[in-house]
């Protein structure tokens, strides 16, 4: 997580800068996107208009679905205990 300095400056983490090709002296765009702020790296246009925002939303939804499809779902009783076990714990039978 980055901190904002007293001069309202923010340091871009090295991993992010390398991944998106951000170098010292580059200009980056700050775009308000509802309750969040998007940082647009150099050479990429900030989305303009509702069609562009919908396309970005669709891309994010697709990424989310791909991530979820790669996960293994646990069986409901694979945790080794049941709710009834919790209620009976510590009580004589």
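Restricting attention to the range 47-56, does a residue exist that is free of Cβ contacts under 8 Å to residues at least 60 places away in the same chain and part of a loop (DSSP other than H, G, I, E, B)?
Checking the range 47-56: at least one residue is free of Cβ contacts under 8 Å to residues at least 60 places away in the same chain and part of a loop (DSSP other than H, G, I, E, B).
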Please go through (1) part of a loop (DSSP other than H, G, I, E, B); (2) modelled with pLDDT of 85 or more; (3) within 17 Å of the chain's Cα centre (by Cα) for residue 71 and return the number of the only condition it doesn't satisfy. (2)
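Mind checking which residues of the range 8-41 are in contact with a helix residue (DSSP H, G or I) (Cβ under 8 Å, 6 or more places away or on another chain) and assigned to a loop (DSSP other than H, G, I, E, B)?
22, 23, 41
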Given the criteria at pLDDT 85 or above, surrounded by 10 or more Cβ atoms within 10 Å (Cβ to Cβ), touching a strand residue (DSSP E or B) at 6+ places or on another chain (Cβ under 8 Å) and within 17 Å of residue 2 (Cβ to Cβ), does residue 38 qualify? yes
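The values are calculated or read from the model by the stated rules, or taken from the named source; none is laboratory data. Given the structure is predicted, the values throughout are model-derived calculations rather than measurements. Methodologically, a virtual Cβ is constructed for each residue, glycine included, from the backbone with ideal geometry; neighbour enumeration extends over all protein chains shown.
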